[in-house]
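K.L.:
Okay, handing you the structure first.
FYI, it's all coordinate maths here, none of it is from the lab. On a predicted model such as this, the values are computed, not experimentally measured, just so you know. Neighbour counts run over all protein chains shown; Cβ positions are idealised from the backbone, glycine included.
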Amino acid sequence: MTEIQIEFDVPAKMRDGTVLRADVYRPGGSGPWPVLPSRLPYGKQMPLAVAILDPLAAARRGFMVVLQDTRGRFASEGEWEPWTHEESDGYDTVRWAAALPGANGSVGMIGASYFGNTQWMAAPSKPPELKAIAPMVTWSDPDDGLWTRGGAIVLGITAPVDPHDGRRRAEAPARHRPRHARRRPRQTGAGSRRPDRRRLRRAARGGRSPRTGEVRRGRWPTPGS
């Protein structure tokens, strides 16, 4: 079984009409085969996606492999909101993958990190075709460091993967921003109270003072000298 068929950007319509796209790897022959979907936001063709489970190697062993861009990422439609739609989209994707041509109706999900968590998010919705999940390097309990820890909100994971968070903070009124975000941008050069430090350093080595225009050599005298 060496021949492998690959379809790129195969569309899957979610319950709200949003279309997510996946690359589908099929073994040679007529099947049917079990299906291994993986849903990730990092790009379904990135090296990490195929490093977790080589889709070509899996297909040679008789598995269909489905690598899907999550909602709002790369080839998939919709708006990227981390963790917001993964339960419903995971359920719909499992049911869609089980009905693909050549599938035998049995589905097992794979993946690590965020696409390990997409398995935990899909499993509680109990799609009937889902027989197994294999999450790695991810959280089984979202209240243990993913969203909260000990009742306190945790932003260490959410902030880096949510570009909207940065946009929301940038658009927020100044009084709602952290203190360090309220500072005005530093201005240098003409019309500024703050001198350009690079010009000062150059002048200190010799030349014309950028403040007074006085020609000096070496270091400028300190006040009172």
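K.L.:
Rounded to the nearest 0.05, what FRET efficiency is calculated for Ser140 and Met46 with R0 set to 22 Å and r the Cβ-Cβ distance?
P.N.:
0.35
K.L.:
In straight Cα distance, which lysines are under 20 Å from Lys44, not counting same-chain residues fewer than 8 positions off?
P.N.:
Lys13
K.L.:
Can you give the extra length, in nm with one decimal, that the chain gains between Glu87 and Trp147 once fully stretched, where that is 0.36 nm per residue apart less the Cα-Cα distance?
P.N.:
Length gained, Glu87 through Trp147: 20.0 nm.
K.L.:
What ³J(HN,Hα) values, in whole Hz, does the Karplus curve 6.51 cos²θ - 1.76 cosθ + 1.60 give for the stretch 102-118 when θ = phi - 60°, with x put for Gly and Pro?
P.N.:
Listing the rounded values in order: x, 7, 9, x, 9, 10, x, 8, 9, x, 10, 6, 4, 7, x, 5, 4 Hz.
K.L.:
A further question on this structure: What FRET efficiency comes out for the pair Arg61/Lys13, r = Cβ-Cβ distance, R0 = 22 Å, nearest 0.05?
P.N.:
So, using R0 = 22 Å, E works out to roughly 0.15.
K.L.:
Along each of the three principal axes of the Cα atoms of the stretch 53-108, give the extent in whole Å, ordering the values from largest to smallest.
P.N.:
The Cα atoms of the stretch 53-108 stretch 35, 21, 17 Å along their principal axes.
K.L.:
Compute the semi-axes of the equivalent ellipsoid of the stretch 71-150, taking the square root of 5 times each eigenvalue of the Cα gyration tensor, and list them largest first in whole Å.
P.N.:
Each semi-axis is √(5λ); the values are 23, 16, 10 Å.
K.L.:
Which of the trypsin sites (Lys or Arg not before Pro) found in the stretch 1-64 are loop residues per DSSP with 14 or fewer other Cβ atoms within 10 Å of their Cβ?
P.N.:
Answer by residue number: Arg15, Arg61.
K.L.:
Would you mind checking the stretch 16-42 for residues with the amide N under 17 Å from a putative spin-label position 7 Å along Cα→C-beta of Lys131?
P.N.:
27, 31-38
K.L.:
List, in order, the whole-Hz ³J(HN,Hα) value for each residue of the stretch 14-30 obtained from phi through the Karplus relation with A = 6.51, B = -1.76, C = 1.60 and θ = phi - 60°; use x for Gly and Pro.
P.N.:
My calculation for the stretch 14-30 gives 7, 4, 9, x, 5, 9, 9, 10, 9, 9, 10, 10, 10, x, x, x, 9 Hz in order.
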